[in-house]
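Notes follow the structure.
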Amino acid sequence: MQFSSNLAGRGRQARLVLMTAAAVAIGGLAGCGGGEDTTGLIRTSLKVQSITQQGSCEDVNVKVTPRNILPGAPKLSNSKEFVTPVKLTKGADGVTCAGEAQTIPMAPGKWKFTANLPSEIASCERDITGAASVGFKDSETTCS
(Lines give C-alpha, C1' and ligand atoms only; values in the text may rest on other atoms or scores of the structure.)
Protein backbone atom coordinates (compact mmCIF):
# COMPACT_ATOMS: atom_id res chain seq x y z
CA MET A 1 0.00 0.00 0.00
CA GLN A 2 2.78 2.36 0.82
CA PHE A 3 4.25 1.78 -2.63
CA SER A 4 1.06 2.87 -4.41
CA SER A 5 0.66 6.03 -2.30
CA ASN A 6 4.23 6.96 -3.22
CA LEU A 7 3.29 6.64 -6.91
CA ALA A 8 0.28 8.87 -6.40
CA GLY A 9 2.49 11.51 -4.75
CA ARG A 10 4.96 11.36 -7.62
CA GLY A 11 2.13 11.68 -10.14
CA ARG A 12 0.88 14.86 -8.49
CA GLN A 13 4.38 16.24 -8.39
CA ALA A 14 4.93 15.41 -12.07
CA ARG A 15 1.63 17.08 -13.01
CA LEU A 16 2.61 20.17 -11.02
CA VAL A 17 5.97 20.35 -12.80
CA LEU A 18 4.30 19.94 -16.21
CA MET A 19 1.67 22.59 -15.44
CA THR A 20 4.36 25.02 -14.27
CA ALA A 21 6.43 24.41 -17.41
CA ALA A 22 3.37 24.94 -19.61
CA ALA A 23 2.52 28.20 -17.83
CA VAL A 24 6.08 29.46 -18.31
CA ALA A 25 6.03 28.50 -22.01
CA ILE A 26 2.69 30.24 -22.61
CA GLY A 27 3.87 33.34 -20.76
CA GLY A 28 7.05 33.40 -22.85
CA LEU A 29 5.08 33.15 -26.09
CA ALA A 30 2.81 35.99 -25.02
CA GLY A 31 5.88 38.22 -24.98
CA CYS A 32 6.63 37.36 -28.61
CA GLY A 33 3.55 39.03 -30.04
CA GLY A 34 5.45 42.08 -31.29
CA GLY A 35 3.94 44.66 -28.99
CA GLU A 36 5.71 47.99 -28.82
CA ASP A 37 8.79 46.78 -30.71
CA THR A 38 6.89 46.73 -34.00
CA THR A 39 4.75 49.82 -33.51
CA GLY A 40 5.95 52.89 -35.33
CA LEU A 41 8.22 51.07 -37.76
CA ILE A 42 8.82 53.17 -40.87
CA ARG A 43 9.20 51.72 -44.35
CA THR A 44 9.83 53.86 -47.40
CA SER A 45 8.40 53.02 -50.81
CA LEU A 46 11.03 53.21 -53.56
CA LYS A 47 9.80 53.74 -57.14
CA VAL A 48 12.02 53.62 -60.22
CA GLN A 49 11.20 54.49 -63.85
CA SER A 50 13.72 53.72 -66.58
CA ILE A 51 13.99 52.63 -70.20
CA THR A 52 15.05 49.27 -71.58
CA GLN A 53 18.73 48.56 -72.04
CA GLN A 54 19.24 46.54 -75.25
CA GLY A 55 15.63 45.37 -75.03
CA SER A 56 15.58 44.29 -71.38
CA CYS A 57 15.00 45.95 -68.02
CA GLU A 58 17.94 46.06 -65.61
CA ASP A 59 17.11 45.89 -61.91
CA VAL A 60 18.26 48.88 -59.86
CA ASN A 61 19.83 48.88 -56.40
CA VAL A 62 19.00 51.83 -54.16
CA LYS A 63 21.54 52.54 -51.42
CA VAL A 64 20.05 54.09 -48.29
CA THR A 65 22.50 55.90 -45.99
CA PRO A 66 21.69 57.47 -42.61
CA ARG A 67 22.61 61.15 -42.25
CA ASN A 68 21.09 62.12 -38.90
CA ILE A 69 19.09 59.54 -36.92
CA LEU A 70 16.62 60.89 -34.37
CA PRO A 71 16.73 59.50 -30.80
CA GLY A 72 14.10 57.07 -29.54
CA ALA A 73 13.79 54.85 -32.63
CA PRO A 74 11.83 51.58 -32.25
CA LYS A 75 14.05 48.62 -31.35
CA LEU A 76 13.58 46.77 -34.65
CA SER A 77 14.29 49.75 -36.90
CA ASN A 78 17.52 49.97 -38.87
CA SER A 79 19.95 52.85 -38.38
CA LYS A 80 22.78 51.63 -40.64
CA GLU A 81 23.39 51.85 -44.39
CA PHE A 82 21.60 49.22 -46.48
CA VAL A 83 20.69 48.45 -50.10
CA THR A 84 17.19 47.75 -51.42
CA PRO A 85 16.94 46.04 -54.82
CA VAL A 86 14.14 47.26 -57.10
CA LYS A 87 13.05 44.74 -59.75
CA LEU A 88 12.06 46.48 -62.97
CA THR A 89 9.53 45.07 -65.42
CA LYS A 90 8.96 46.07 -69.03
CA GLY A 91 5.95 48.26 -69.74
CA ALA A 92 3.26 47.57 -72.34
CA ASP A 93 5.04 49.88 -74.80
CA GLY A 94 8.12 47.62 -74.77
CA VAL A 95 10.44 50.56 -74.03
CA THR A 96 9.77 51.70 -70.47
CA CYS A 97 10.68 49.87 -67.28
CA ALA A 98 9.17 50.43 -63.86
CA GLY A 99 9.41 48.90 -60.43
CA GLU A 100 8.64 49.46 -56.78
CA ALA A 101 10.02 48.04 -53.52
CA GLN A 102 9.73 48.65 -49.79
CA THR A 103 12.76 49.31 -47.61
CA ILE A 104 13.45 47.44 -44.41
CA PRO A 105 12.17 49.24 -41.26
CA MET A 106 14.08 52.52 -40.87
CA ALA A 107 14.80 54.67 -37.84
CA PRO A 108 13.32 58.16 -38.11
CA GLY A 109 15.71 60.87 -39.27
CA LYS A 110 17.46 62.21 -42.36
CA TRP A 111 18.44 59.58 -44.94
CA LYS A 112 20.26 59.76 -48.28
CA PHE A 113 18.88 57.68 -51.16
CA THR A 114 21.19 56.83 -54.10
CA ALA A 115 20.09 54.90 -57.20
CA ASN A 116 22.50 53.60 -59.81
CA LEU A 117 20.33 54.23 -62.89
CA PRO A 118 21.40 53.16 -66.41
CA SER A 119 21.95 56.77 -67.54
CA GLU A 120 23.62 58.09 -64.36
CA ILE A 121 23.57 58.07 -60.57
CA ALA A 122 20.69 59.90 -58.88
CA SER A 123 20.51 60.85 -55.19
CA CYS A 124 18.61 62.96 -52.69
CA GLU A 125 18.16 63.39 -48.96
CA ARG A 126 14.82 63.09 -47.19
CA ASP A 127 13.57 63.54 -43.65
CA ILE A 128 11.87 60.25 -42.88
CA THR A 129 9.55 60.45 -39.89
CA GLY A 130 6.62 58.41 -41.22
CA ALA A 131 5.57 56.48 -44.30
CA ALA A 132 7.26 58.05 -47.31
CA SER A 133 7.79 57.50 -51.01
CA VAL A 134 10.97 58.23 -52.98
CA GLY A 135 10.89 58.08 -56.77
CA PHE A 136 13.73 57.92 -59.29
CA LYS A 137 13.45 58.53 -63.02
CA ASP A 138 16.20 57.67 -65.48
CA SER A 139 18.07 60.75 -66.83
CA GLU A 140 17.31 62.78 -63.67
CA THR A 141 19.95 63.28 -60.99
CA THR A 142 17.55 63.84 -58.07
CA CYS A 143 14.53 62.01 -56.75
CA SER A 144 10.90 63.05 -56.44
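The values are calculated or read from the model by the stated rules, or taken from the named source; none is laboratory data. Worth saying up front: this structure is predicted, and the values here are computed from it rather than measured. Ideal geometry is used to build each Cβ from the backbone, glycine not excepted, and the neighbour counts take in all protein chains shown.
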| Odd one out for Lys75 among (1) at pLDDT below 95; (2) out of contact with any helix residue (DSSP H, G or I) (no Cβ under 8 Å at 6 or more places or on another chain) | (2)
| Test: residue in the stretch 102-109 that is at pLDDT 95 or above, surrounded by fewer than 15 Cβ atoms within 10 Å (Cβ to Cβ) and in a strand (DSSP E or B) | yes
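Looking at the stretch 87-100 only, could you name the residues that are over 20 Å from Ser139 (Cα atoms) and buried (at least 18 other Cβ atoms within 10 Å of the Cβ)? Can you show your working first?
Going through the stretch 87-100, the residues over 20 Å from Ser139 (Cα atoms) turn out to be 92.
Of everything in the stretch 87-100, nothing turns out to be over 20 Å from Ser139 (Cα atoms) and buried (at least 18 other Cβ atoms within 10 Å of the Cβ).
I'm trying to understand the selection: among the residues of the stretch 40-76, which are touching a residue at least 60 places away in the same chain (Cβ under 8 Å) and within 19 Å of the chain's Cα centre (by Cα)?
Within the stretch 40-76, the first condition is being touching a residue at least 60 places away in the same chain (Cβ under 8 Å), and the residues that meet it are 41-51, 53, 58, 60, 62.
Result: Leu41, Ile42, Arg43, Thr44, Ser45, Leu46, Lys47, Val48, Val60, Val62.
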| query | When residues of the stretch 44-86 are filtered for being surrounded by fewer than 13 Cβ atoms within 10 Å (Cβ to Cβ) and assigned to a loop (DSSP other than H, G, I, E, B), how many remain? | reply | 7
| query | List the pairs whose first member sits in the stretch 93-119 and is assigned by TED's automatic domain parsing to the domain that holds Gly72 and closer than 17 Å to Asn61 by Cα, whose second member is in a loop (DSSP other than H, G, I, E, B) and acidic (Asp, Glu), and whose Cβ atoms are under 8 Å apart, counting only residues at least 6 apart or on separate chains? | reply | Cys97/Glu58; Gly99/Asp59; Leu117/Asp138; Pro118/Glu58; Pro118/Asp138; Ser119/Asp138
